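**Q** Questions regarding the structure given below will be posed in turn.
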Amino acid sequence: MFDVQRRGWYNPMEDEINSLHENHTYDLVKLSEGKRGLRNNWVFKLKFGEDCCPPRYKTRIVVKSF
C-alpha cells in the first residue's frame, strides 16, 4: 500500500515544481561563500471527494520559518 501512495505523490510534486518555474517564483543562484540557502518542507494532503472517487493528492512546498 505504501508503494502505491508513494507513486501517487510523484505527479503532484512535479506539477508544483513546474508551476513555480513557470510563474518565475524563484531563481536558482549560486550561493556566496559562507551563506546558507532557505530550508523548505513539503506539505502533503489527501483530498477525498463526496462520491466514491479516488482521492486527490495535493502537495505544496513551503519555506520553513523560525
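The values are calculated or read from the model by the stated rules, or taken from the named source; none is laboratory data. All of these numbers come straight from a predicted model, not from anything done at the bench. Virtual Cβ from ideal backbone geometry, glycine too; neighbours counted across all protein chains shown. SASA here: full protein model, heavy atoms, side chains in, ligands and nucleic acids out. Shrake-Rupley method; radii C 1.70, N 1.55, O 1.52, S 1.80 Å.
**Q** Taking only pairs six or more apart or across chains, which ones have beta-carbon atoms under 7 Å, a first residue in the stretch 6-17 that is under 12 Å from K45 (Cβ atoms) and in contact (Cβ under 8 Å) with a residue 60 or more places away in the chain, and a second residue that is open to solvent by 90 Å² or more (accessible area, probe 1.4 Å) and of a type outside the set (S, T, N, Q)?
**A** Listed by first residue and then by second, the contacts come to nothing, as the list is empty.
**Q** Then there's this: I'd like to know if the stretch 44-58 contains one or more residues that are touching a Pro at 6+ places or on another chain (Cβ under 6 Å) and part of a loop (DSSP other than H, G, I, E, B).
**A** yes
**Q** Mind checking whether some residue in the stretch 17-32 is touching a strand residue (DSSP E or B) at 6+ places or on another chain (Cβ under 9 Å) and either surrounded by fewer than 10 Cβ atoms within 10 Å (Cβ to Cβ) or part of a helix (DSSP H, G or I) (or both)? Please lay out each step first, then the result.
**A** Quick first cut of the stretch 17-32, residues touching a strand residue (DSSP E or B) at 6+ places or on another chain (Cβ under 9 Å) only: 17, 20.
From what is left, the residues that are either surrounded by fewer than 10 Cβ atoms within 10 Å (Cβ to Cβ) or part of a helix (DSSP H, G or I) (or both) are 17, 20.
Looking for residues that are touching a strand residue (DSSP E or B) at 6+ places or on another chain (Cβ under 9 Å) and either surrounded by fewer than 10 Cβ atoms within 10 Å (Cβ to Cβ) or part of a helix (DSSP H, G or I) (or both), one finds at least one in the stretch 17-32, hence yes.
**Q** Okay, moving on. I need the full set of residues from the stretch 14-54 which are of a type in the set (K, R) and closer than 19 Å to K64 by Cβ, in order please. Reasoning before the result, please.
**A** Start the filter on the stretch 14-54 by keeping residues that are of a type in the set (K, R), which leaves 30, 35-36, 39, 45, 47.
Once the filter is applied, which keeps residues that are of a type in the set (K, R) and closer than 19 Å to K64 by Cβ, the stretch 14-54 yields K35, R36, R39, K45.
**Q** Tally up the residues in the stretch 1-16 that are open to solvent by 90 Å² or more (accessible area, probe 1.4 Å), modelled with pLDDT under 90 and among the charged types (D, E, K, R), please.
**A** 2
**Q** Let me ask something else. Would you please list the contacts, defined by Cβ atoms under 6 Å and residues six or more apart or on different chains, that run from a residue in the stretch 37-60 that is free of Cβ contacts under 8 Å to residues at least 12 places away in the same chain and under 15 Å from Y10 (Cβ atoms) to a residue that is open to solvent by 90 Å² or more (accessible area, probe 1.4 Å) and in a strand (DSSP E or B)?
**A** No pair meets every condition.
**Q** Turning to a different aspect of this structure: Could you check the stretch 43-66 and list, in sequence order, the residues that are among the hydroxyl-bearing types (S, T, Y) and surrounded by fewer than 10 Cβ atoms within 10 Å (Cβ to Cβ)? Give the derivation first.
**A** Looking only at the stretch 43-66, we keep the residues that are among the hydroxyl-bearing types (S, T, Y), and these are 57, 59, 65.
Matches in the stretch 43-66: S65 only.
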